[in-house]
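Asker: If you scroll down you'll find the structure; I have some questions about it.
What follows draws every value from the coordinates through simple rules; no lab data is involved. Only a predicted model underlies this, so the values are computations on that prediction, with no experimental measurement involved. Here Cβ is always computed from backbone atoms with ideal geometry, including for glycine, and neighbour counts include all displayed protein chains.
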Amino acid sequence: MPIIPLRPNDRIQLKKPHPCGNHVFLVLRIGSDVRIVCEGCKRDMTVDRVKLEKSIKKVLPLDEQG
Ligand SMILES: [Zn+2]
């Protein structure tokens with residue numbers, strides 16, 4: 001599986017929704033862990049990068065942002 005290039009401010013759709021029902025998360029910070037914030041309830045969390053990459057369904061294109 002190719003490495004997904006993530007950058008801060010990318011919006012990602014995860015396979016598993018957040019408990020609030022939302023699927024889309026905003027990337028805040030990238031490192032060995034990635035900090036993301038749920039767009040539904042605005043809660044942020046820190047996820048292991050490898051685990052996060054496995055749970056990404058897709059990275060939303062820039063023209064879907066805004
Ligand atoms: Zn949420």
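Asker: Considering all alpha-carbon pairs of the chain, what whole percent are spaced by more than 19 angstrom?
Answerer: Pairs farther apart than 19 Å: 21 percent.
Asker: Around residue 3, what is the net charge, scoring Lys/Arg as +1 and Asp/Glu as -1 over all other residues with Cβ under 12 Å from its Cβ?
Answerer: My count for the surroundings of residue 3 gives +1.
Asker: Can you give the net charge of the other residues whose Cβ lies under 13 Å from the Cβ of residue 57, counting K and R as +1 and D and E as -1?
Answerer: After counting each charged neighbour, the total is +4.
Asker: If you stretched the chain out fully between residue 29 and residue 15, how much longer would it get, using 0.36 nm times the residue separation minus the C-alpha to C-alpha distance?
Answerer: The span from residue 29 to residue 15 would gain 3.0 nm if fully extended.
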